[in-house]
Each structure stands twice: as structure tokens, then as C-alpha cells.
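Q: This is the structure I want to talk about, given as C-alpha cells.
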Amino acid sequence: MSDPSSATTNLSPERAPLAGARSGFFRLNFWDGWRLFALLVALLVVVPLAVVGFSWLTPAADIWQHLRQTLLARLLLNTLWLVLGVGGLTLLLGVSLAWFTATCEFPGRRFFSWALLLPLAMPTYVLAFVFVGLLDYAGPVQTLWREWFGRDAWFPAVRSTPGVILVMSLALYPYVYLLAKNAFQTQGRRALEAAESLGCGAREGFFRVALPMARPWIAGGVLLVLMEALADFGAVSIFNYDTFTTAIYKAWFGFFSLSAAAQLASLLVLLVFLLVVVEQRLRARRRFATVRSSAHTTRLHLKGWRAWGASFFAGMVLLVAFGIPAVQLSLWALGAYTEEFNLRYFGLLGRSVALGLAAAGLVGLTALVLSYAGRRHADPLTRALVRVANLGYALPGAVLAVGIFIPLAAVDNALIELAESFFGLRLRPLLQGTVVIMLLAYLVRFLAPGFKPVDGAMHRVTPSIDEAARLSGLRGVALLARVHLPMLRGGLLTAATIVFVDVMKEMPITLMTRPFGWDTLAVKIFELTAEGEWQRAALPAMALVLAGLVPIILFMRHAEK
């Protein structure tokens, strides 16, 4: 008989841990609390995907016939234009601004280097209603235009495909700018100097050397932009621009068909994964290397009209994307304050803050335990579970709302039937209409941005620190409280801040899963903008913009260290 251990012994060192994990997968003692927790969180991501996928087993034929006849072609065409337009414009703005601020010297470069991130604090739906309020037929710009050039003077329609593409691009270009700037800074001047020594001019060096070397970072930024564009609900609703997110909302709350909403959500998930696959294939079979930057001392000094042209370009983008909207919001908020502000706003603010704090605590705690699970078990299975648990950020909020609501509603209904059948009791729904569904959807959606800073801080707690603490007599809770938590405090604070602000601004999950009467600032903005009440919507919008500035300031302070 052969020795059972020989199969593992003969494997290469790289494959041995994988084989060990596979063989131990079926042992009961393999699934300790850490792995079970990682499995549970991973299932929270997998279950909504399975729900929207299996929804095709019960197709809503009548609703799909209506959608095919009236809406489906427009949905696909609008989505195609949105992907092409927003992707192209954010690529142009983000890369050009990143190149100027990272590698060139021009008047105001230091200011623009951080100020160009400020539009991140402006939710897309806030920027959308400010633009519509300013540029629509009854807005001040068109009114002034007609006074100057006559009633029949042509003016571009803001509620149009170019309008929604422009607004979403101005709100989302910082994703590309941030990553591309980091890429150009890490390249330094050496690569360009090598290209110049081979006879390439500045323009040729940019297109043939710098841009190809920065492609992974740029592609990552564009992918983030496209996922945000596909997941957006508020901005496209204000522009009356039909996309999959608005169709999911209409199918659920207009046709009252959860199955049709889930089937539309599955198509949206397919589009998101298609984008991820395309981005991965574009990067396949290529290797990229980074060089420590020397750009701080060897920037290209622009002179004359080129220097002032770079300042003008950066200034105009900042003015249109953040300056004008912030000033207009302030004016509207001051004008509506006495009429609009009342005690009800304390309730809206209180619920927004309570949801943000609860979600930040839940995500922070989950990220901490998940990071510990990855630290204690470095086997491929645990790493895979942690990776799957962090995939929820790629899922649009509308998809998560549908994918989490359906199974929990089924559990609720089963419990009600069991109680009535066996005990004769008539129970009310335990989960439907509660904040539990909202918090679970927030957890899945925002675990990835919360996990990364916590896991980054966890890597600073080296095994030698643990050994030194144990030699000092610290174990268990004492080790956690006196050694680990002080070292993890920065990561936990960053994670909590990011999640708190994201939840404050989040609209589709809140709108679709909130308990009856549980309005928040984001919901209030949606209700007012749906009625064209731009000025009244400015007050809650200002609160969200100010909240959005918090992580931007924290990020800038961290970057300056």
C-alpha cells in the first residue's frame, strides 16, 4: 500500500498548501470561527448575485413584453452612450490634468494638485440638479440668454445625452486624475529622458512612453468611473435619462414586480462584469514596472502661453465642477433657509447620521474580524473567501437592494407561515420594513473601502511584535487592547470615516429598502428634485457636500505626510 502522505510530500512547495487546504476542507475542525465568519460574509455577496441570476427561472413575461416594446432598446442605447461618453471624457480630463500637475511646473500647480480632488465631495445627483437648475429653460442662464439674443435664440438642451455625460464626467474625473497622477509621479523623469535621448520630442515621449507605462492605473480609474456611472441612480433620474437603475426602480415600485427588477439587475451585473473582464484582458500578458519618483526636483517648466494655458485649463475645470455649483448651492440654501428649515430637518439629519454611524461601526467591525481571519489563516481558501467578501463594491446599489430584499422577504414569509400553521399565531414581518436590510446592503456595498485601510494597518502588526508582547505577559484581550487596537486605530478611523460619508450620500439602497417614513437627507433631495424644487433641495445638499469634504481633507493630510 502506498503511503497516504506521499501524495502531498511529492507536490511542489507552491502547491502543497493548496492541497493541504483542499484535504482539510472537509474536516470539521478546519472550520473554526475565523473561517466560518469569512464564509458568512462571502455568502452575503454571493447570495444577492445568485438571487438575481436565478430570477430568470420565473420570467415576468408580460412585463418583459412591455419593456421590449417601449424601453429596452432605449436602455441599451443610453447605457452604451453613457459608457462611451463618460469613459472618454473622464479619460481626457483626468489624464491631462494628472500629467500637468505631476510632471509640469506652471502658476498655481501646488493649489490645483489637491484642489482638483474637491469635486469628489459633490455627489453626482447634487451636481446634476445644480446644472439643471442653472441651465434649464426657466433657469437664470437661459433667461439671461433670451434677454440678450431674443426669445428664439438657440441654446443647448441640458436634459440631453451630452448634458448627462458632461455632468457625470465632471463629478467622476477625480478617480482617473488621482490614479493617473500617482502613476506619472512614480515614473519620474528618467523614462522621458531616456526617450529624449533616443530622439523623441516631449509630445512623442508622452504618447509612446509615459502613457503606455501608466496604462494599468488609468484603466483602473476608468473602470471605477464606469462602474459608478452604471450604478448611478440620482443623476440619471434628474435628467430623465433611462438606464438600468431607473428601470429597476420602475419595475419594483411602478410595476410592483420584484422578479422583473431582479432580471434587469442581472443584466446590469453582466455589464459590470463584462467591463471588469475587458479591463483584465487589456492588461493581460503585459508587465509594468515603477520607478521611484524624482519628479519633485525635475519637473518640466512650462513657459509663456503654455504655462498660463495649463493654469487656465485646470482653473476652468475646477470652477465648473466645484466652484460654481458650490456657490450656487450656498445662494439657494441661504434663500430657502427661513422657509425650508424646520424641526423636521433634525429628523432627516439624525437618521442620516445614525445610518452612517451604524454602517461605519458594522463595516469597521466586520473588516477587523475579516482581516484577523486572513492573518490567522493564510491558506488559499481563506484568502479566496476574503477576496469574494470584498467584491460587493462592484455591485450597483440597486442590484444589492433587490438581491438582499428578495431572500430576506422569503425568510420572513416562511416564518409567518410556520407560526400560523403550527401555533396559530399571526406574526408581522420581522425583517421587511426594518433597517436590517439597509444595513446588510450597506455592509456588502462598502466593505471593500472599509477593509483596505484596516487590512493595511493590520500588516504593521508583525509576528515579532506579537512575540514580544507575549513575552511581556500580554495575551488574549489584553494583547488586543494594549497592542493591536492602538496600532489599528488609524486604519479603523479612516475606514469608519469613508463608510460614514458614503452611506450619507448613498441613494438607491436607501430609497428602495428604507422603512416606511424613514426619510434621510438623500431621500429628501430625491423627492424635491423629482418635483423640480432645486432651491429647496439645496439645504440638504449642502449638508451632504460638507460631509463629503471630510474624507477629502483626511486624504490630503495623509498624502502630505
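The values are calculated or read from the model by the stated rules, or taken from the named source; none is laboratory data. Predicted model only: the values in this text are computed from it and were never measured. Neighbour counts are summed over all protein chains in view; Cβ atoms, including those assigned to glycine, are modelled from backbone coordinates with ideal geometry. Note: areas computed on protein heavy atoms with side chains; ligands, DNA, RNA excluded. Shrake-Rupley method; radii C 1.70, N 1.55, O 1.52, S 1.80 Å.
Q: Just in the range 403-473: which GluC sites (Glu not before Pro) are loop by DSSP and have at most 15 other Cβ atoms within 10 Å? All intermediate terms of the calculation are to be shown ahead of the outcome.
A: Numbers: sites: Glu417, Glu420, Glu467; in loops: none.
Listed in order of number, the matching sites amount to none.
Q: Next question. Does the range 115-239 come out rounded, prolate or oblate by the C-alpha gyration tensor, with a ≥ b ≥ c the root eigenvalues, rounded set by a/c under 1.5 and, if not, prolate when a/b is larger than b/c and oblate if not?
A: In terms of gyration-tensor shape, prolate.
Q: With every protein chain in place, what's the accessible area of Arg470 (1.4 Å probe, Å², nearest 10)?
A: Around 100 Å² of this residue is reachable by solvent.
Q: Along Cα→Cβ, 7 Å out, is where each label goes; now give me the distance between the ones at Val436 and Leu554 in nm to one decimal.
A: 2.9 nm
Q: So which trypsin sites (Lys or Arg not before Pro) in the range 336-437 end up in coil per DSSP with only 14 or fewer other C-beta atoms within 10 Å?
A: On the way: sites: Arg344, Arg351, Arg375, Arg376, Arg383, Arg387, Arg426; in loops: Arg426.
Sites meeting the loop and neighbour criteria: Arg426.
Q: Going by accessible area, probe 1.4 Å, with all protein chains left in place, what is the ranking of Tyr372, Tyr175, Tyr337, largest first? If you can, show how the numbers build up before the last one.
A: Working: Tyr372 30, Tyr175 60, Tyr337 110 Å².
Ranking Tyr372, Tyr175, Tyr337 by accessible area, largest first, yields Tyr337, Tyr175, Tyr372.
Q: Next question, about the same structure. Using a 1.4 angstrom probe and counting only protein chains, how large is the accessible area of Val363 in Å², to 10?
A: Its accessible surface works out to 0 Å², give or take rounding.
Q: Leaving ligands, DNA and RNA out of it, report the carbon-plus-sulfur percent of the accessible area of the range 320-390 at a 1.4 Å probe.
A: Result for the range 320-390: 70 percent of the exposed heavy-atom area is carbon or sulfur.
Q: Still on this model: How large is the accessible surface of Trp518 in square angstrom, using a 1.4 angstrom probe and rounding to the nearest 10?
A: 80 Å²
Q: Right, here's the next one. Could you tell me which chymotrypsin sites (Phe, Trp or Tyr not before Pro) in the range 80-172 are loop residues by DSSP with no more than 12 other beta carbons within 10 angstrom of their beta carbon?
A: Those that pass, being in a loop and sparsely packed, are Tyr137, Trp154.
Q: Turning to a different aspect of this structure: Can you list the residues, at least 5 places off or on another chain, whose amide H is less than 5 Å from the amide H of Glu105, using H built in the peptide plane?
A: Amide H neighbours of Glu105: Leu300, His301, Leu302.
Q: What is the extension gain from Ala202 to Trp31, computed as 0.36 nm multiplied by their sequence separation minus the C-alpha to C-alpha distance, in nm to one decimal?
A: On the way: separation 171, 0.36 × 171 = 61.56 nm, distance 5.82 nm.
Residue separation times 0.36 nm, minus the Cα-Cα distance, leaves 55.7 nm.
Q: While we're here: Let's see if you can work this out: charge +1 on each Lys and Arg Cβ, -1 on each Asp and Glu Cβ, no other charges. What is the dipole magnitude of the chain about its Cα centre, in debye to the nearest 20?
A: Working: 48 positive and 31 negative charges, 368 e Å.
So the magnitude is around 1760 debye.
Q: Tell me, what ³J(HN,Hα) does each residue in the range 149-155 have, in order and in whole Hz, if you take phi through Karplus 6.51 cos²θ - 1.76 cosθ + 1.60 with θ = phi - 60° and put x for Gly and Pro?
A: Couplings: 10, x, 5, 9, 5, 6, 9 Hz.
Q: Would you compute, from DSSP H runs of 4+ residues alone, the mean residue ellipticity of the chain at 222 nm, taking -39500 (n - 2.57) per run and dividing by the full residue count, rounded to the nearest 500?
A: Numbers: 27 runs with 406 residues, N = 561.
After summing the helix terms and dividing by residue count, I get -23500 deg cm²/dmol.
Q: Right, here's the next one. Under the rule a/c < 1.5 gives rounded, and otherwise a/b versus b/c splits prolate from oblate, where does the range 155-215 land using the Cα gyration tensor?
A: Cα axes put the range 155-215 in the prolate bin.
Q: Counting Lys and Arg as +1 and Asp and Glu as -1, each charge on the Cβ, what is the dipole of the range 431-490 about the Cα centre in debye, to the nearest 20? Intermediate values should be presented prior to the final figure.
A: Working: 7 positive and 3 negative charges, 20 e Å.
Magnitude of the dipole: close to 100 debye.
Q: I'd like the FRET efficiency for Arg428 and Asn342, computed as 1/(1 + (r/R0)^6) with the beta carbon distance as r and R0 of 30 Å, rounded to 0.05.
A: Details: r = 32 Å, r/R0 = 1.06.
Between Arg428 and Asn342 the formula returns 0.40.
Q: Under the 0.36 nm per residue contour assumption, what length would be gained going from the current alpha-carbon distance of Trp81 and Ile324 to full extension?
A: Details: separation 243, 0.36 × 243 = 87.48 nm, distance 2.64 nm.
That pair, Trp81 and Ile324, stretches by 84.8 nm at full extension.
Q: Right, something else. Taking the Cβ of Asp232 as the center, what net charge do the other residues with Cβ under 12 Å away carry, scoring Lys and Arg +1 and Asp and Glu -1?
A: -1
Q: What is the percent carbon and sulfur in the accessible area of the range 493-561, measuring with a 1.4 Å probe over the protein chains and ignoring ligands?
A: Details: 1810 of 2970 Å².
For the range 493-561, the apolar C and S fraction of the accessible surface comes to 61 percent.
Q: A further question on this structure: For the chain, what is the relative contact order in percent, using Cα pairs closer than 8 Å and at least 6 residues apart in sequence? Please list the in-between numbers first.
A: On the way: 689 pairs, mean separation 123.2, N = 561.
Answer for the chain is 22 percent.
Q: Let me ask something else about it. Where a Cα-Cα gap under 30 Å defines reach, which lysines qualify for Lys250, not counting those fewer than 8 residues away within the same chain?
A: Result set, ordered by chain and number: Lys505, Lys524.
Q: Give me a comma-separated list of calculated 3J(HN,Hα) values for the range 118-124, in order, Karplus coefficients 6.51, -1.76, 1.60 applied at θ = phi - 60°, integers in Hz, x for any Gly or Pro.
A: My calculation for the range 118-124 gives 4, x, 4, 6, 9, x, 4 Hz in order.
Q: Using the alpha-carbon centroid of each, what span in Å lies between the range 318-361 and the range 452-474?
A: 41 Å
Q: Ignoring ligands, DNA and RNA, how do Ile416, Ile525 rank by accessible area with a 1.4 Å probe, largest first?
A: Working: Ile416 35, Ile525 0 Å².
Reading off the accessible areas and sorting them downward yields Ile416, Ile525.
Q: So what is the accessible area of the chain per residue, in Å², with the probe set to 1.4 Å?
A: Values: 28600 Å² over 561 residues.
Accessible surface, normalised per residue, equals 51 Å².
Q: Which value in nm describes the separation of the simple spin-label points at Leu546 and Leu57, placed 7 Å from the Cα toward the beta carbon?
A: 5.1 nm
Q: Just want the answer: with Cβ charges of +1 for Lys and Arg and -1 for Asp and Glu, which residue in Phe346, Ser421, Leu368 is farthest toward the dipole's positive end in the chain?
A: Leu368
Q: Then there is this: Under a straight-distance cross-link criterion of Cα-Cα below 16 Å, which aspartates and glutamates are reachable from Lys181, leaving out those fewer than 8 residues away in the same chain?
A: Glu105, Glu560
Q: How much net charge surrounds Pro107 when only the other residues with a Cβ under 14 Å from the Cβ of Pro107 are counted, with Lys and Arg +1 and Asp and Glu -1? Don't skip to the end; give the middle numbers.
A: Values: positive: Arg109, Arg110, Arg299, Lys303, Arg306; negative: Glu105.
Charge balance in the 14 Å sphere: +4.
Q: Something else about it: How long is the gain from Glu417 to Arg281 if the chain were fully straight, where each residue apart is worth 0.36 nm and the alpha carbon distance is subtracted? Before the final figure, lay out each step's value.
A: On the way: separation 136, 0.36 × 136 = 48.96 nm, distance 4.92 nm.
So the extension gain works out to 44.0 nm.
Q: Using a cut-off of under 12 Å, list every residue of the range 356-391 whose amide N is near the label point 7 Å from the Cα of Leu43 along the Cα-to-beta-carbon line.
A: What the label zone holds, given the 12 Å backbone N cut-off, is no residue at all.
Q: Of the listed values (1) 1.08; (2) 1.01; (3) 1.22, identify the label whose number matches Cα Rg over 2.2 N^0.38 Å calculated from this model.
A: (1)
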